[in-house]
1. Restricting attention to the stretch 20-49, report how many residues are small (Gly, Ala, Ser) and surrounded by fewer than 11 Cβ atoms within 10 Å (Cβ to Cβ).
2. Return the pairs, sorted by first residue and then second, in which the second residue is of a type outside the set (D, E, K, R) and part of a loop (DSSP other than H, G, I, E, B), the first residue lies in the stretch 1-29 and is under 12 Å from GLY46 (Cβ atoms) and in contact (Cβ under 8 Å) with a residue 12 or more places away in the chain, the beta carbons are less than 8 Å apart, and the residues are 6+ apart or on different chains.
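Rule-based calculations on the coordinates, nothing more; no lab input. In this text the structure is predicted, and so the values were computed from the model without any measurement. Positions of Cβ are generated from backbone atoms using ideal geometry, with glycine treated the same way; all protein chains shown enter the neighbour counts.
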Amino acid sequence: MGTRRIKVNSIGLSREDYKAAPTTLCKGCGHNSIASQIIAVAYELGIRP
């Protein structure tokens, strides 16, 4: 039985560390898609949130 290892980036942060409050904008406006891509890039590049 193992402990689950959380994947972290080059500065030791997980993807959860980049998440914020839920959006208040409509799902059809594209905001969520753009925000998720910004989060992915910041995580991959090790940019502090």
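1. So the count comes out to 5.
2. Close Cβ pairs satisfying both conditions: ASN9/GLY46; SER10/GLY46; ILE11/GLY46; LEU13/GLY46; LEU13/PRO49; ASP17/PRO49; TYR18/PRO49.
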